[in-house]
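Comments concern the structure below.
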């Protein structure tokens with residue numbers, strides 16, 4: 001197979017930022033092998049989620065455990081051997097607590113050697129723009145700076161998860177509330193753990209039906225957390241009162257935590273409609289409006305910023321975690 005026809009080489013990284021005395025600063029790394037200044041990033045490991053690769057690479061190259069914020073423009077280019085490479089970027093902040101729940105779900109990460117990364121620096125964005133070796137690396141920086149200027153950079157994550165693949169209704173003879181996950185569904189639940197960790201999820205809200213509880217169980221086990229079982233997120237309760245679901249999601253958008261909501265396909269239109277109404281047209285157009293909305297085990301991440309007009313969804317993204 002020619003290099004151009006091979007699957008693209010996938011990589012991920014972050015623009016780690018902070019505000020100091022009204023100045024926006026970012027982290028740059030120096031790679032002695034290439035003699036360049038760039039963003040912390042690296043290739044995905046086999047079976048790794050792109051979001052997990054982003055946080056892992058930052059930890060390896062900078063020593064910072066970070067939480068992902070809004071996605072930033074990625075880069076696409078051709079390698080010297082003819083293969084295509086795609087780099088995914090997010091805005092990210094250093095995690096507030098080294099012992100926070102989301103970090104408990106991450107494995108230890110060894111630091112990169114001095115042969116790979118020999119300098120890590122916080123710099124003002126004006127200096128970063130001049131210091132970056134590759135001109136293309138300035139594109140995600142421009143997006144980061146623009147979001148900061150509009151008070152849209154400091155965001156919280158509302159993660160909407162459709163439960164993992166469940167036993168079919170026809171094959172299940174007991175009550176609908178007890179219908180379990182299949183082996184694939186259980187694998188999807190495990191694959192969801194690093195994705196939720198990457199977004200710093202600290203609160204779990206779920207339908208009380210078994211297939212949703214089982215979908216969030218691995219994350220709760222990894223973070224030593226507890227779920228809040230919502231009284232309105234089951235299919236039956238949603239059918240009788242979708243307004244209660246809308247009110248639940250409104251409350252979470254107006255909240256202060258990074259949260260995951262696990263529910264069912266028939267409930268998703270109401271959940272996603274509330275998210276869309278809080279975003280600009282460009283953002284709302286990215287919210288799925290057709291059945292099945294999300295696939296089993298898939299998540300939609302809504303990034304919410306507190307603006308002068310109240311909470312606004314400034315970006316959305318979707319992920320179907322790989323099963324390893």
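The values are calculated or read from the model by the stated rules, or taken from the named source; none is laboratory data. Note that the structure is predicted; figures quoted are calculated from it, not measured. So basically every Cβ, Gly included, is an ideal-geometry build from the backbone, and we count neighbours across all protein chains shown.
Tabulated data
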quantity: Qualifying residue in region 138-156 (condition: surrounded by fewer than 22 Cβ atoms within 10 Å (Cβ to Cβ), out of contact with any strand residue (DSSP E or B) (no Cβ under 9 Å at 6 or more places or on another chain), more than 17 Å from residue 25 (Cα to Cα) and not assigned by TED's automatic domain parsing to the domain that holds residue 197); calculated: no
quantity: Count of residues meeting criterion [on the phi > 0 side of the Ramachandran plot, assigned to a loop (DSSP other than H, G, I, E, B) and loosely packed, with under 15 Cβ neighbours inside 10 Å] in region 281-324; calculated: 1
quantity: Number of the exception - residue 28 against (1) under 16 Å from residue 116 (Cα atoms); (2) in contact with a strand residue (DSSP E or B) (Cβ under 6 Å, 6 or more places away or on another chain); (3) free of Cβ contacts under 8 Å to residues at least 60 places away in the same chain; calculated: (3)
quantity: Residues satisfying the stated conditions in region 28-48, i.e. assigned to a strand (DSSP E or B), under 15 Å from residue 66 (Cβ atoms) and under 20 Å from the mean Cα position of the chain (by Cα); calculated: 41, 42
quantity: Output for region 135-152, where each listed residue is under 17 Å from the mean Cα position of the chain (by Cα) and either under 19 Å from residue 275 (Cβ atoms) or without any contact (Cβ under 8 Å) to a residue 24 or more places away in the chain (or both); calculated: 152
quantity: Conditions (1) part of a loop (DSSP other than H, G, I, E, B); (2) in contact with a helix residue (DSSP H, G or I) (Cβ under 8 Å, 6 or more places away or on another chain); (3) at pLDDT 95 or above; number of the one not met by residue 262; calculated: (1)
quantity: Output for region 92-134, where each listed residue is in a loop (DSSP other than H, G, I, E, B), in contact (Cβ under 8 Å) with a residue 60 or more places away in the chain and touching a helix residue (DSSP H, G or I) at 6+ places or on another chain (Cβ under 8 Å); calculated: 95, 105, 106, 116, 117, 132
